[in-house]
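To start, the structure under review is shown below, and the notes come after it.
The values are calculated or read from the model by the stated rules, or taken from the named source; none is laboratory data. Since we're looking at a predicted model, the values are computed, not measured. Positions of Cβ are generated from backbone atoms using ideal geometry, with glycine treated the same way; all protein chains shown enter the neighbour counts. The protein model used for the area step is the full one, side chains on, heavy atoms only, and it has no ligands, DNA or RNA in it. Shrake-Rupley method; radii C 1.70, N 1.55, O 1.52, S 1.80 Å.
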Amino acid sequence: MKKFYLMFALLISLAVLAACSSGDDEANGASGSEGSSGADSITAWAWDPAFNIAALEKAKEAYDGDVEVKIIENAQDDIIQKLNTGLSSGTTKGMPNIVLIEDYRAQSFLQAYPDAFYPLTDVINSDDFADYKIATTSFDGEQYGLPFDSGVAGLYVRTDYLEEAGYTPEDLTNITWDEYIEIGKAVKEATGKNMLTLDPNDLGQIRMMIQTNGSWYVDEDGSTPNLEGNESLAKAFETYKKMMDADIGKIVSDWSQFVGAFNSGDVASVPTGNWITPSIKQAEDQSGKWAVVPMPRLDMEGAVNASNLGGSSWYVLNVDGKEEAADFMLQTFGSNVDLYQTLVKDIGALGTYSAAAEGDAYAVEDEFFGGQQLLADLSTWTDEIPGVNYGLHTYAIEDILVTGMQDYLNGTELTKVLENVQAQAEAQLK
Amino acid sequence: MPTMKMKQKASRILRNNSLFIKMFLIMVVSIVAVSLLITFSSIRMSSDLFMDTFSISNTKALEQIETRFEDYSFAIVSATNEVQNNGTIKKVLTQENESAIETSKSYHDISRQIERIYPTVESYDTNMIVLGENERLYNMNYSNWPVSWEVLRNHPITKRSIEQPNRLLYQFMPSTSFNDKPMIVATKALMERSTGEIYGVLYFPIREEDWKRLYEGYTSTENEVLLVNQDGKIVSSNKDEMIGDLEPELLALAEEVEEEQLDLKEVNLFETNYLLMSQYLPTYDLYLVNLVNKNAVLANLINTKEILLISLGIVLVAVVIVFIISRRMTNSISRLVKQISSMAKHDFNRPVTETGGYEAKKIANAFNSMLSELKEYVDLVVQAQQKQRTAELLALQHQINPHFLYNTLASVKFMVQQGKKEKATEMIHALISLLQNALSNVDQTITVEQEIADLKNYVLINQARYGDGIKVNFFVSPDCLDCQVPKLILQPFIENAFFHAFNEKKEGFVQILVSQKRGSLICEIVDNGDGMEMKGDYTKEDIKEKRHLFSGIGIRNVHERIQMIYGGQYGVEISSEKGEGTKVKVELPVQKLNASVKSNEITNI
């Protein structure tokens, strides 16, 4: 009997001990399946809370599907890094369903990881968007990107300075860069103000110039450097040097100086992408003193008065939930005219969805720009931008060109300079 | 009333179980006390041990954090040296009034130089800004700190670094100034050594959230790291909400730990108990403080709740087992006690049941054998006493009063002298048969008939002596004649009637009635003599024993004798009234000789 009691006590104590120690293991189960979204939620990555993140929020509001959209903000460099590491390792874990990629970089991703992106060819109608966007967002005959913001460029001019020098905005409309330089000289003489800012380390100016003639740093294939013998590039270089020689450019070294220059009234014009509009409007005392005219063109046969700087597009990754993500894209940025009205009104984001330009919001007269129908004008110019394949190496080639430009400015012959940069680019990008 | 009953019941239950309750309470108290002591001492020991090892590992962690801060500082210093020694940067920053192409070239050149140096710090997510006079500003990562030349030129951190041009300063910028994120900016004035002229300022801003990665891996919510500057301001911490707070108390403690070379110090800060470790970082002029929340760490490490639960479980199990075992043990003892205490009710002849544990069985067994021995002794004593009593009675019976004989014989003599020969003969016969019966064994019973015959002889003798003023009548129911009665059972009453009832009245009668009633033999001796005052209703004490005239047996003995032989329901009853006479009633069982067992029994006694 005593032995029985002892056994009994031991058994009970063991049971009690076992029951106590088994509490912690259960919590781990739930957290396994978050990275790859199932069909009930999709994630989207973008980088600018004031701009593209805000646009996503608006799209989410406009979307009435069952799928929950999670919007995640990452720095642009982080997005590029994460996509590269994620896609190159072949894992889809932790990848978003939707990601925003800058147009200049898009081709490098599409070419490097063609299977990682979900083709939208059958989802959206590419004819609905500005032509020039299609070249950068498609690859190998398939449409991968859904074009988002327009980088359509315009020439922002100070009407008061022009007037002082005896010009009107009409005098700057549809001109060539050479004509622009002549006007610049006159303006500097009359007002003492420089015509524009130039950053020796950023050749956006050159990019805008060559795109007016449908040319780019690379060939149609997107990878062969097209520098030596590129007439448009040579013409742009010459034009750039003319500006420097004419001393109508204020040299700046970073964004704050660039913005500071026009906000403080140091320059008479700003040739750049339309996304600069909010920065220009920051100087409220300059209201009514600005106008926007089409971008000057290269003085060449076939060049048009329309160009582009920057811009980005949405891409759907080939991971679980791609159908839902594509559907979300179609219902919002792919077809919703009202959404685009909201975007221009609330965020100032100008899309490239052609049908949107007919909405009321685009017809608004902007008092800051003397009553100009700025959005409507920009939309019109958007349609005229020559489409180019930005290819894979925009920034890599530009790094080489920056030094080439300095050589050229300091006396080296242009053909020699272009020969050098071509050789360097081919060596580096092989 | 019910409450009283319940109280009584409760107290009875308590009393009956008092052994169990005492034993159980003592066991429970000891079990609980032992468990509590062991639990708390083991918790305390393990927590002490843990805190020791924890502080050792934290000291190691602190050393590693320090190393990482040194690495970071080294990266900053290397970049600073490269910028300071870079002729291109100096040239560009000191140039003035050049053409657009020259400016463009110098901007390009300086950018190339800075870009070359930048990777040294870029891996730490640190920005690099070079500020020169004449609105020259080179910001390697504009989004990190979108600052304009004017703002930066007039910024206090610029002024401070120009004031101390030889020092690399780490300055804290709280979140409100430019950006919504707090930053730590390493600044160094760029000075031409030969002239002492300052030609620019170099900045390495890093967001606090990026900077804290140097130590964040070593932290947790219980294990906080704070960097405190000389003003007591918290410059960086894994606790975001504390960044920018002024905590002079914390600074004082950190200084104390550092000065006294303490490993760690137990402090009470922000109403919490912490272990504080501190390390001064001279390059940063900051104190690296490690606060370990003692309670939270212990709570995480030692699951007090679990230990207490286990102890509780063990205590419960032990208590249940103790309950069952002690219940079993005490139950048998209590039952034993209960049986023993009611033993007197059963005349010691009911043995206790031998059940329960070994000890209880042994006790019950011993008790039972003791009981049976005791009973034997008691029986022996009773027997001895009865024998003694019988012997006494026998002795008494055999003591035929010599006066009686003398008187009787004297009477016979007179009768012979008077010539009443027949009467004398009759008297002698009566005496002979009387003596014959009286002197035989007192134990023997005789029939009613014989007893009556004896009585008649006795009456005859007395009447012969004293005259026949007192008439005696016998009324015996015929069915009683063969009933057995003890010898000389009625004689004392007759004697009593003769010699005491007729002191005042000189004449009267005595009637003797024998009959059966409800299974009893009733013998009544009724006289109409003087009677007496009855004080109670009992015979023995009331009747003063006079000297016995015939034998030693008096009426007092009769009652005792009857009761001794037949039991309590039989005996003598006397009723009397002054002047009316006395009535004696003797009640006996009806016994006939053929009921041999009973007669044997009687003879045995």
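Its Cα gyration tensor gives segment A:277-403 an equivalent ellipsoid, and the semi-axes of that ellipsoid, as √(5λ) in whole Å with the largest first, are 28, 25, 15. Using a probe of 1.4 Å on the protein chains alone, the accessible area found for B:Met51 is around 20 Å². Per-residue mean of foreign Cβ neighbours for A:247-253 is 6 (Cβ atoms of other chains, 10 Å radius).
Considering only A:Asn194, A:Gln76, B:Ala364, and ranking their Cα positions along the charge dipole of the protein assembly as shown that arises from unit charges at the beta-carbon of Lys, Arg, Asp and Glu, the one farthest toward the positive end is B:Ala364. Buried accessible surface for the A/B chain pair comes to about 2400 Å², total over both chains, computed with a 1.4 Å probe. For the set B:Phe172, B:Phe69, the ranking by accessible area, highest first and with no ligand, DNA or RNA atoms included, is B:Phe172, B:Phe69 under a 1.4 Å probe. Counts of other chain beta carbons within 10 angstrom of each beta carbon in peptide A:191-199 average 1. What a 1.4 Å probe finds exposed on segment B:86-211 is 45% carbon and sulfur by accessible area, rounded to a whole percent.
Using the 1.4 Å probe convention, the accessible area of chain B works out to 53 Å² per residue with neighbouring protein chains retained. Hey, if you drop one equal point scatterer on each alpha-carbon of chain A and run the Debye formula without solvent, what base-10 log of I(q)/I(0) do you get at q = 0.07, 0.10, 0.12 Å⁻¹? So the normalised log intensities are -0.40, -0.73, -1.01. Taken over segment B:440-519, the convex hull of the Cα atoms encloses 102 Å³ per residue. A Förster radius of 51 Å combined with the Cβ-Cβ distance from B:Arg44 to B:Lys362 puts the calculated FRET efficiency at roughly 0.60.
Inter-chain neighbour count for B:310-318: the average number of beta-carbon atoms from partner chains within 10 Å of each residue's beta-carbon is 4. Pairwise inverse Cα distances across the protein assembly as shown, averaged and inverted, put the Kirkwood hydrodynamic radius at 42.0 Å. Where does helix A:394-409 land angle-wise versus the long Cα axis of chain A, in degrees 0 to 90, nearest 10? Long axis of A:394-409 versus the principal axis of chain A: about 30 degrees.
Within segment B:343-390, what whole-number % of the accessible surface is contributed by carbon and sulfur, with the 1.4 Å probe and all protein chains included in the calculation? Carbon and sulfur atoms account for 57 percent of the accessible area of segment B:343-390. Within segment A:371-419, the residues that become at least 10 Å² less accessible when every protein chain is included than when their own chain is isolated (1.4 Å probe; DNA, RNA and ligands ignored) are A:Asp399, A:Val402, A:Thr403, A:Gln406, A:Leu409, A:Asn410.
For B:Arg160, B:Arg116, the ranking by accessible surface with the largest value first comes to B:Arg116, B:Arg160, using a 1.4 Å probe. Protein heavy-atom accessible surface, 1.4 Å probe, per residue over chain A: 42 Å². In the P(r) worked out for segment A:46-149, what percent of Cα pairs fall beyond 16 Å? The proportion of pairs with Cα distances above 16 Å equals 62 percent. Note on chain A: with neighbouring protein chains present and a 1.4 Å probe, carbon and sulfur make up 47 percent of its accessible heavy-atom surface.
Averaged over residues, the count of other Cβ atoms within 10 Å places the peptides B:358-364, A:316-322, B:507-513 in the sequence A:316-322, B:507-513, B:358-364, highest first. Which pairs break 21 Å Cα to Cα here: A:Lys250/B:Lys105; B:Lys456/B:Lys583; A:Lys193/A:Lys242; B:Lys471/B:Lys583; A:Lys188/A:Lys241; A:Lys93/A:Lys430? Too far apart for the 21 Å limit: A:Lys93/A:Lys430. If you take all other residues with their beta carbon under 11 Å from the beta carbon of A:Phe333, and give Lys and Arg +1 and Asp and Glu -1, the sum is -1. To the nearest 10, the accessible area of B:Leu312 is 100 Å² with a 1.4 Å probe. Against chain A, whose longest principal axis is taken from its Cα atoms, helix A:76-88 shows a tilt of about 60°.
Sparse packing (at most 11 other Cβ atoms within 10 Å of the Cβ) combined with a DSSP loop state is found for none of the GluC sites (Glu not before Pro) in segment A:175-217. When Lys and Arg each count +1 and Asp and Glu each count -1, what net charge do the other residues less than 12 Å away from A:Ser223, Cβ to Cβ, add up to? Residues close to A:Ser223 contribute a combined charge of -3. Within chain B, the whole DSSP H helices whose Cα atoms reach 15 Å or more along their own axis and whose mean Kyte-Doolittle score is at least 1.0 are B:304-341. Between 0 and 90 degrees, the angle of helix A:2-21 with respect to the longest Cα principal axis of chain A falls at about 10 degrees. Return the FRET efficiency for the residue pair B:Arg12, B:Phe474: r is the Cβ-Cβ distance, R0 is 60 Å, and the value is rounded to the nearest 0.05. My answer for the efficiency is 0.45.
In a DSSP loop and with at most 11 other Cβ atoms within 10 Å, the trypsin sites (Lys or Arg not before Pro) in segment B:179-221 are B:Arg193. Which one of A:Tyr156, B:Ala33, A:Ala116 is farthest out on the positive end of the charge dipole of the protein assembly as shown, using unit charges on Cβ (Lys, Arg +1; Asp, Glu -1) and the Cα centre as origin? Looking along the dipole axis, the top candidate is B:Ala33.
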